[in-house]
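Here it is, the structure, as structure tokens.
Every read-out reported here was derived from the displayed coordinates using simple, explicitly stated rules and does not represent laboratory data. It should be emphasised that the depicted structure is a prediction, and the values quoted were computed from it without experimental measurement.
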Amino acid sequence: MDSKTDILSTIAYFDLFHYPVMEKEIYFFLPHPVSPALFESALEELVAEELIFAFEGYYTIRNDKEWVSPDLFPNTTLTKDPI
């Protein structure tokens, strides 16, 4: 698998649980190791190709900014710091 496929599958997994994911989380949960530079490049390409979407530091396969709103997660605090 290539890095773009790994990134896309990682984000898609989190989307199954309605969880928008941060860049550091995506990198941490990748199924195969990749250099930070290649990761950044692949992530930017996926956003440019509109295969994933970035809202306020969170990534999702859904093109819906409201989906990452903290109001939708009353039992958690969405912050820009990973877990």
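Explain nothing, just compute: Karplus ³J(HN,Hα) = 6.51 cos²θ - 1.76 cosθ + 1.60, θ = phi - 60°, for every residue of region 14-26 in order, whole Hz, x for Gly and Pro.
5, 5, 4, 9, 6, 10, x, 10, 8, 4, 4, 5, 4
Under 5 Å between amide H atoms, partner at least 5 residues away or on a different chain: which partners does Met22 have, H built in plane at 1.01 Å?
Tyr59
Which length gain, in nm to one decimal place, applies between Ile61 and Phe17 when the Cα-Cα distance is subtracted from 0.36 nm times their residue separation?
14.6 nm
Right, next: How large is the direction-averaged shadow of the alpha-carbon convex hull of region 3-72, in nm²?
Convex hull of Cα atoms, orientation-averaged projection: 4.2 nm².
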